[in-house]
Amino acid sequence: MGKCVCIIAEFRHGAFRRVTYEVASEGKRLADALGVGLCAVAVGSGVADKAAELGRYAVDKVFAVDDPALENYLAESYVPLVADVLAGCDPAAVVMSASVDGKDFAARLSARLKAGLAQDCTQVVCENGKIKAKRPVFAGKCYGWCEWAEGALPVISCRPNVMDCLAPMEDKKAEVEKVQVSIPQTRSCVKSLDLDTSGKVELTEAEIIVSGGRGMKGPENYAMLEELAKVLGAAVGASRAAVDSGWRPHADQVGQTGKVVNPNLYIAVGISGAIQHLAGMGSSKFIVAVNKDSEAPIFSKADYGVVEDLFNFVPAFTEEIRKLKSSCS
Ligand SMILES: Cc1cc2nc3c(=O)[nH]c(=O)nc-3n(C[C@H](O)[C@H](O)[C@H](O)COP(=O)(O)OP(=O)(O)OC[C@H]3O[C@@H](n4cnc5c(N)ncnc54)[C@H](O)[C@@H]3O)c2cc1C
């Protein structure tokens with residue numbers, strides 16, 4: 001058995017991403033079950049100054065690999081650096097996020113470490129000292145449990161927005177060890193990143209999401225959903241049918257091959273509720289479905305269902321919310 005559970009933190013543009021706190025929380029539950037400590041490897045430019053913050057999410061010690069050349073994620077440089085750090089801390093398991101970068105990183109890291117990878121896990125348990133991880137198989141149609149052979153190192157990536165976050169411990173700081181490294185020579189480099197600065201609410205962080213599917217009939221009709229989203233302070237999502245039709249960008253896609261979201265309120269408009277869509281929004285706290293077909297599968301998952309033509313319902317609903325808000329202010 002290794003000495004700790006080690007998480008891989010995601011540090012981008014001067015801050016830890018929320019997924020890091022989810023991973024730390026899951027790492028802590030696993031570390032407690034194994035009776036070991038929780039440590040983290042954090043790579044990035046300026047990360048050493050922020051690393052102690054991870055103590056709020058129960059991390060005992062952070063190995064910080066800090067260099068201006070590590071500003072942007074690049075598998076070629078991040079993987080060997082993290083593998084070297086892990087070799088020195090003898091982990092019982094390595095846990096990270098199954099974010100876009102995280103999935104890429106997890107696959108390469110586990111190959112380098114000759115470890116067993118369970119990707120995109122939705123649950124991790126430890127029974128009698130044996131780690132088991134639940135993950136989707138057959139394109140999300142069912143779930144399987146992964147176990148590791150004796151002596152094999154588990155590398156686990158956790159699906160974002162699924163693992164419960166611990167309540168932050170405001171005054172706890174992690175011990176930080178700055179690791180001296182020489183940056184590997186790479187064949188490629190990231191010159192710059194163009195971030196979406198349109199001021200839209202990011203889907204994976206949104207409290208309310210209004211999502212439209214094929215029932216929207218065309219890209220021009222999303223103006224109606226944008227309007228509703230504006231009144232509610234929500235983000236706009238889409239089904240794959242809408243994205244594949246070119247009505248919405250892929251960044252808006254919710255589902256198994258899109259984003260996994262966990263808002264307080266998810267309003268599905270003109271979406272049938274295919275299993276691959278439910279895989280991305282099924283854990284939302286409240287689900288409202290608007291569909292003119294009362295037999296649509298989405299209704300079996302919804303807390304509230306509106307059987308109505310969306311082109312009648314959405315403008316009227318937006319108007320009612322607007323009135324309600326102005327009467328409250
Ligand atoms: C490997 C794989 C991965 C996939 N990944 C994803 C994924 O990540 N996300 C995803 O969403 N899908 C994904 N899919 C596709 C998925 O199987 C469905 O095809 C897709 O979700 C259907 O999108 P939809 O509900 O918008 O369209 P449809 O299934 O066509 O449903 C449209 C709905 O709109 C309703 N409607 C039509 N007109 C109106 C109206 N005027 N008023 C009210 N309601 C109306 C209809 O009754 C219908 O229920 C994946 C599929 C595969 C095989």
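Readers should treat all values here as calculations from the given coordinates under stated rules, not as data from a laboratory. Since we're looking at a predicted model, the values are computed, not measured. Virtual Cβ from ideal backbone geometry, glycine too; neighbours counted across all protein chains shown.
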> At a Förster distance of 45 Å, what's the computed FRET efficiency of ALA107 paired with PHE286, Cβ-Cβ distance as r, to 0.05?
Replying inline: 0.80
> Using a Förster distance of 25 Å, how high is the FRET efficiency between TRP145 and VAL100, based on the Cβ-Cβ distance and rounded to 0.05?
Replying inline: 0.50
>> I'd like to know how the chain sits against the 2.2 N^0.38 Å rule of thumb: what's its Cα Rg over that expected value?
In response: 1.08
> What's the FRET efficiency of GLU76 with GLU308 using the Cβ-Cβ distance as r and R₀ = 30 Å, to the nearest 0.05?
Replying inline: 0.05
> For a label point 7 angstrom out from the Cα of GLU227 toward its Cβ, which stretches of segment 299-329 have the backbone nitrogen within less than 17 Å?
Replying inline: 309-326
>> At 0.36 nm per residue, and after removing the present C-alpha to C-alpha distance, how many nm does the segment from LYS217 to ALA251 gain when stretched out fully?
In response: 10.3 nm
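At 20 °C and 1.002 mPa s, grab the translational diffusion coefficient of segment 203-328 from Stokes-Einstein with a Kirkwood Rh over Cα pairs, rounded to a whole number in µm² per second.
152 µm²/s
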> For segment 310-325 and segment 1-79, what is the separation of their Cα centres, given in Å?
Replying inline: 44 Å
> Of the trypsin sites (Lys or Arg not before Pro) in segment 146-250, which ones lie in a loop per DSSP and count no more than 10 other C-beta atoms within 10 Å?
Replying inline: ARG187, LYS191
>> Please give me, ordered by residue number, the chymotrypsin sites (Phe, Trp or Tyr not before Pro) of segment 93-174 that lie in loop per DSSP and have at most 13 other Cβ atoms within 10 Å.
In response: PHE138
> Tell me, what ³J(HN,Hα) does each residue in segment 159-172 have, in order and in whole Hz, if you take phi through Karplus 6.51 cos²θ - 1.76 cosθ + 1.60 with θ = phi - 60° and put x for Gly and Pro?
Replying inline: 4, x, 6, 10, 6, 5, 8, 5, 5, x, 9, 4, 9, 8
> Using helices alone, what [θ] at 222 nm do you get for the chain, with -39,500 (n - 2.57) per DSSP H run of 4 or more residues, divided over all residues and rounded to the nearest 500?
Replying inline: -8500 deg cm²/dmol
> Of the GluC sites (Glu not before Pro) in segment 151-197, which ones lie in a loop per DSSP and count no more than 16 other C-beta atoms within 10 Å?
Replying inline: GLU170
